[in-house]
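*Asks:* Quick one: this structure, given as structure tokens, is what I'll be asking you about.
The values are calculated or read from the model by the stated rules, or taken from the named source; none is laboratory data. The model shown is predicted, which means the values in this text are computed figures rather than measured ones. Note that we place each Cβ from the backbone using ideal geometry, even for glycine, and neighbour counts take in every protein chain shown. Side chains included, ligands, DNA and RNA excluded: accessible areas come from the protein's heavy atoms. Shrake-Rupley method; radii C 1.70, N 1.55, O 1.52, S 1.80 Å.
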Amino acid sequence: MTQTDLIIVGAGPGGYRAAELAAKAGMKVVIFECGEVGGTCLNVGCIPTKTYVHSASFEEARERMPQVVAQLRSGVETILSHPNITLVREEACFIDAHTVNSFTAPHIIIATGSETKWLPINDIDDPRVVDSTGLLALDTLPRRLCIIGAGVIGMEFASVFNRFGSEVTVIEYLKECLPALDGDIAKRLRKTLEKRGITFKMKTAVQSLASIEADVILMATGRKPRLQPDFANAGFEYDERTGIKVDEHFETTVKGIYAIGDVNGLQMLAHAAEAQAKAVVEHLQSLPQKSEAGPVPAAIFTSPEAACVGPSEDQLKAEGRPYECRKAFHRANGKALAMNETEGMLKLLSEPNAGRIIGCHAFGAHSADLVQEVSVLMFMGATVSQLRQMVHIHPTLSEILLTAAES
Ligand code: FAD
């Protein structure tokens, strides 16, 4: 048995970021990775999909994707070559609460990520069915693509394959797409994509795949935490659906064992995994409250894109919380008109009387950047009255935010 300070399972954004920070803080780290370093995000998630979003054609995307991934992967390999880090390229297995394979440590971070949730139907072995990883591996553009699920992954692929020239149909069980997004914004985004040629079949439950007329069927019905049977040897609590149970420090029910990123099921986003890695390493060094948890914004890279931070108007209504909602539209913004990007709307949510900003939901060009600004304002505790005093460059899309604040 080899003793070390910290064992990390998984080298995705959660795991490699934790390794980097812990090593810099002087800890001896052993990190296990049974696939490629960079995890889902770098190899088959955020980065490959965004390379598709920013390529003019399917052929260009196929050519560029491996290059972009390889470049970033070598960056992660450099991070993991720190003298305090040992990268073990094998599958990690818990022997007991402090032992993983042949290593033992007082602290362990689990960052094993998530996997595709397949629809429980009989003909799921239909050869036309792929998950997001399978779709990214296709060599030829499907003429007809059917996407089951209008969540983030389904909507992003629908948008990009429609642009590449596939005939795209999206089937969704719920009445609206993107349930985390404000209902109003989600509906307008869906209508915009409809105008671009995507067919949506809402409130439709898929019972069998045989009746679907498509060359490829993408299963985009969500992801589930990647759990493994040997977790039982460590003794912490977890649930197939919700993942590993953690407290506010991301510590599991067994002291010294932490779970970060997709595997704890809190927020399946790469930047959330990284923020949790930072919080855990600070906790290990007994640096309480150093990085105060800020709001976690999220974006959907359709064309046009959508983004959100904080609760939606629907949620605030359901909770009976008093709020004010201010709106602004891309079509009234000079830069958006100049860019010919007039489809878009932003909702700014605050406490009453132009008080503290509590959220922002938007769709339209560069929504992610607009929402990022709101996220910073929320972290600083800014009010709508203060936002009105902040000078914004003209002409920019950020003036949409100012327009909303002033309305
Ligand atoms: P992962 O990145 O999944 O890494 C886990 C790693 O652990 C893997 O490399 C795996 O091989 C390894 N592992 C698992 N078990 C073991 C074991 N027993 N031993 C050794 N190694 C093990 N998020 C965003 O924020 N923005 C986006 O634009 C975005 N786009 C996405 C697009 C798609 C198609 C998908 C599928 C996801 C996307 N995500 C996006 C989500 C993002 O990829 C995840 O939230 C993020 O990767 C989670 O990081 P993680 O470190 O928790 O796990």
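*Asks:* Report the rotationally averaged projected area of the range 100-219 based on its alpha-carbon convex hull, in square nanometres.
*Replies:* Answer in nm², one decimal: 10.6.
*Asks:* Given a cut-off of under 8 Å on Cα pairs at least six residues apart, what relative contact order in percent is computed for the chain?
*Replies:* Relative contact order for the chain comes out at 15 percent.
*Asks:* Which residue, I358, I124, I257, has the most motion in a Gaussian network model of the chain that connects Cα atoms within less than 10 Å?
*Replies:* I124
*Asks:* Another question, then. Identify the residues of the range 205-238 with backbone N under 14 Å of a label point that sits 7 angstrom from the Cα of R128 along the Cα-to-Cβ direction, or state none.
*Replies:* So the set is 207-219.
*Asks:* Please work out the Cα convex hull volume for the range 217-293 and give it in Å³ per residue.
*Replies:* Hull volume normalised by residue count: 96 Å³.
*Asks:* On to the next question. How charged is the neighbourhood of A306? Take every other residue with its Cβ under 13 Å from the Cβ of A306, and add Lys/Arg as +1 and Asp/Glu as -1.
*Replies:* -2
*Asks:* Any idea what the relative contact order of the range 273-407 is, in percent, if you count C-alpha pairs under 8 Å spaced at least 6 apart?
*Replies:* Computed value for the range 273-407: 25 percent relative contact order.
*Asks:* Rounded to two decimals, what ratio of Rg to Rh does the range 329-405 give with C-alpha atoms and a Kirkwood Rh?
*Replies:* In the range 329-405, Rg relative to Rh is 0.96.
*Asks:* Hey, another quick one. Among G334, G261, G39, which one shows the biggest mean-square fluctuation in a GNM of the chain, springs joining Cα atoms closer than 10 Å?
*Replies:* Judging by the Gaussian network model, the answer is G334.
*Asks:* Let me ask another. Step through the residues of the range 276-287 one at a time and calculate ³J(HN,Hα) from phi using the Karplus curve (6.51 cos²θ - 1.76 cosθ + 1.60, θ = phi - 60°), rounding each to whole Hz and writing x for Gly and Pro.
*Replies:* Couplings: 5, 4, 4, 4, 5, 5, 5, 5, 5, 8, 6, 10 Hz.
*Asks:* Please work out how much accessible surface S286 shows to a 1.4 Å probe, ignoring ligands, DNA and RNA, in Å² rounded to 10.
*Replies:* 90
*Asks:* Using the Karplus equation 6.51 cos²θ - 1.76 cosθ + 1.60 (θ = phi - 60°), what ³J(HN,Hα) coupling, rounded to whole Hz, does each residue of the range 250-258 give in order, writing x for Gly and Pro?
*Replies:* Karplus values, whole Hz, x for Gly and Pro: 6, 8, 6, 6, 10, 4, x, 10, 10.
*Asks:* If you restrict to DSSP beta bridges whose two residues both lie in the chain, what percentage is antiparallel, to the nearest 5?
*Replies:* Of all bridge pairs located within the chain, approximately 50 percent are antiparallel.
*Asks:* If you take every residue apart from Y238 with its C-beta less than 15 Å away from the C-beta of Y238, what net charge results, scoring Lys and Arg +1 and Asp and Glu -1?
*Replies:* That works out to -4.
*Asks:* Please list 3J(HN,Hα) in residue order for the range 236-241, calculated via the Karplus relation 6.51 cos²θ - 1.76 cosθ + 1.60 where θ = phi - 60°; whole Hz, with x for glycine and proline.
*Replies:* 7, 7, 8, 9, 3, 8
*Asks:* Now, a different point. Would you mind telling me the share, in percent, of accessible area of the chain contributed by carbon and sulfur at probe 1.4 angstrom?
*Replies:* The value for the chain is 52 percent carbon and sulfur by accessible area.
*Asks:* Which links in K28/K117; K201/K224; K175/K195; K255/K278 stretch past 30 Å when you go from one Cα to the other?
*Replies:* Long pairs (Cα-Cα over 30 Å): K28/K117.
*Asks:* Could I ask something else about it? Would you work out which of T396, A150, A306 lies farthest towards the positive end of the dipole of the chain? Charges go on Cβ: Lys and Arg +1, Asp and Glu -1.
*Replies:* Going by the Cα projections, it comes out as T396.
*Asks:* Given a 1.4 angstrom probe, what's the average accessible area per residue across the range 1-120, in square angstrom?
*Replies:* 43
*Asks:* Quick one: ranking I198, I393 by accessible area, 1.4 Å probe, largest first, what do you get?
*Replies:* Sorted descending by solvent-accessible area, the residues read I393, I198.
*Asks:* So how strong a dipole does the range 260-407 carry about its Cα centre when Lys and Arg Cβ are +1 and Asp and Glu Cβ are -1, to the nearest 20 debye?
*Replies:* The dipole magnitude comes to about 280 debye.
*Asks:* What does the charge count near A61 come to, summing +1 for each Lys or Arg and -1 for each Asp or Glu among other residues with Cβ under 15 Å from its Cβ?
*Replies:* Around A61, the charge tally is -1.
*Asks:* Quick check on packing: order 232-239, 174-181, 346-353 by the mean number of other C-beta atoms within 10 Å, highest mean leading.
*Replies:* The peptides rank, most packed first, as 346-353, 174-181, 232-239.
*Asks:* Let me ask something additional. Would you mind telling me which residue in I153, I212, I47 has the biggest mean-square fluctuation in a Gaussian network model of the chain, where springs connect alpha carbons within a distance under 10 angstrom?
*Replies:* Result for the chain, Cα springs under 10 Å: I212 fluctuates most.
*Asks:* Placing unit charges on C-beta atoms (Lys and Arg positive, Asp and Glu negative, everything else neutral), compute the dipole magnitude of the chain about its Cα centre in debye, rounded to 20.
*Replies:* Rounded to the nearest 20 debye, it is 980 debye.
*Asks:* Which residues' amide hydrogens lie under 5 Å from the amide hydrogen of V296, considering only partners 5 or more residues apart or on another chain, with H built in the peptide plane?
*Replies:* G310
*Asks:* Counting C-alpha atoms alone, how compact is the chain: give Rg to one decimal and Dmax as a whole number, in angstrom.
*Replies:* Cα only, the chain: 22.3, 66 Å (Rg, Dmax).
*Asks:* Still on this structure, please answer the following. Could you tell me which residue out of Q267, L227, T199 lies farthest along the dipole of the range 188-317 toward its positive end? Charges go on the beta carbon: Lys and Arg +1, Asp and Glu -1, centred on the Cα centre.
*Replies:* Of the options given, the answer is T199.
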